[in-house]
Amino acid sequence: MKIRPDQLGAQLKRQLSTVYIVSGDEPLQVSECCDQIRKQARKQGFTERHVYHVDNSFDWGDFLEAANSLSLFAEKQILEVRMPNGKPGDSGRKALQEYLKHPSSDNLLLIITDRLDSASQKAKWFKALEQEGLFIPIWPIDHDKLPGWIARRLKNQGFEASQDALSLLCERIEGNLLAASQEIEKLKLLADGKKIEVETVREAVSDSARYDVFQLADAALNGDPKSVVRVLGGLKSEGIEPPVVLWALAREIRLLSHLSRLKSRGVPSDAAYEQAAKTHGMSPFILKKRKSLLEKCIGRHSESAFRQMLIHTGHIDKGVKGLEKLNSWDELLSLSLNLAGLPVPTLA
């Protein structure tokens, strides 16, 4: 049976299923759903946990051996199968179907995957698992729903935020729920009482001692190559992953490319920013506050230059995923300096 993530808590209180499939590309929601399942399972005596990472060398025989090894005095166990691509392979399909022939009430099977495509959801092995247990597909939260998600999360923790504070926070984290969760924890410490105002969000941003991807983007837009090199080095040393940096830069370049195209077509400035805000799911209020910075960058580059930068982001994305051989950090530096106005060679 398929359920939404927000239905999981109520379901767990009613009855613990023998099989859970948590599938999606949004790390925070996937992690929190799995945490809920594990917590409830522990309450019901599932004190052992075996974690299996499925790759090309994985032996499904180890999984079946653990599933069938319970003795009269053994503890209940969680069998956690992490299968990133959602494809178990021939041996995996057979092992999962074999497991379902004789499921034990002392086992709880938790399968964690990236987003499953329609073909995988129609596969025989998946249908058998879904019929036996629960399937929890997880989707990214749309931008227009993000303020409500943050507001509900704050409310659940005894806080509330003004609309301006929510808008500014949404602009800062732009769909990254892990970042949103971290910012919420920081805001709770800085809040005056239980109400979070826009000034609190600004204070949290300005008082942040660490480098972040937003500082990098602003330094590049401002045409400050020295700051670009310093901030990017800080991000790397702090262990920030390249995909997070690429996400921030690509987001800015897509916006700049769109604004540059609208301006070249003679669209009035205010109308261009309104249209861009709507297209990219951004707050018009926040976008207009950044207008001078954006205009400064648009003045340095042509529309075709922004398109070339977008092509470059595609190469970097392939490199991050192992589809092209390149040094992600070197290419991110090249892209950032290019955006800042320093002519540098790129893969594009």
Long pairs among K94/K122; K43/K101; K87/K127; K145/K291; K87/K122; K13/K155, criterion Cα-Cα beyond 18 Å = K43/K101; K145/K291; K13/K155
ask   = Taking the alpha-carbon centroid of each part, what is the distance from the range 215-244 to the range 84-147 in angstrom?
value = 38 Å
ask   = Relative contact order for the range 286-348 using alpha-carbon pairs under 8 Å, separation at least 6, rounded to a whole percent?
value = 33 percent
query = For V51, what accessible area in Å² do you get when you roll a 1.4 Å probe over the heavy atoms of the protein chains, rounding to the nearest 10?
reply = 60 Å²
task = Can you tell me the alpha carbon radius of gyration of the range 96-179 divided by the globular rule-of-thumb value 2.2 N^0.38 Å?
result = 1.61
ask   = Kirkwood Rh over Cα pairs of the range 280-323 into Stokes-Einstein at 10 °C, 1.306 mPa s: D in µm²/s?
value = 127 µm²/s
query = Which value, in debye to the nearest 20, describes the size of the charge dipole of the chain about its Cα centre when Lys and Arg Cβ atoms bear +1, Asp and Glu Cβ atoms bear -1, and nothing else is charged?
reply = 680 debye
Proximal aspartates and glutamates to K124, defined as alpha-carbon separation beneath 15 angstrom and excluding residues fewer than eight positions away on the same chain = D90, E98, E132
Eligible aspartates and glutamates near K186 by straight Cα distance, threshold 13 Å, same-chain separation 8 or greater = E203, D207
remark   = In deg cm²/dmol, rounded to the nearest 500, the helical mean residue ellipticity at 222 nm of the chain, built from -39500 (n - 2.57) for every DSSP H run of length 4 or more, is -18000 deg cm²/dmol
Relative packing of peptides 250-263, 123-136 - highest average C-beta neighbours within 10 Å first = 250-263, 123-136
note = What the 5 Å binned alpha carbon P(r) of the range 144-295 shows, as percent of pairs per bin from 0, is 1, 9, 17, 20, 19, 17, 11, 5, 1, 0
Residues with amide H under 5 Å from that of Y52, placed H, sequence gap 5 or more = E80, V81, R82
key: Ratio of the Cα radius of gyration of the range 215-348 to 2.2 N^0.38 Å, where N counts its residues   = 1.03
ask   = So what is the relative contact order of the range 142-249, in percent, for Cα pairs below 8 Å that sit 6 or more residues apart?
value = 22 percent
ask   = For the range 13-72, what percent of Cα pairs sit more than 20 Å apart?
value = 42 percent
note = Projected onto their principal axes, the Cα atoms of the chain stretch, largest extent first, over whole-Å spans of 73, 51, 37
request  = Identify all aspartates and glutamates with a Cα-Cα distance to K278 below 14 Å; exclude those on the same chain that are fewer than 8 residues away in sequence.
outcome  = D142, D144, E171, E174, D270
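The values are calculated or read from the model by the stated rules, or taken from the named source; none is laboratory data. Here the structure is a predicted model, which means the values were calculated and not measured. Here the Cβ is made from the backbone with ideal geometry for all residues, glycine too, and neighbour counts use every protein chain on show. Just so you know, the surface numbers come from the protein's heavy atoms only, side chains and all, with ligands and any DNA or RNA stripped out. Shrake-Rupley method; radii C 1.70, N 1.55, O 1.52, S 1.80 Å.
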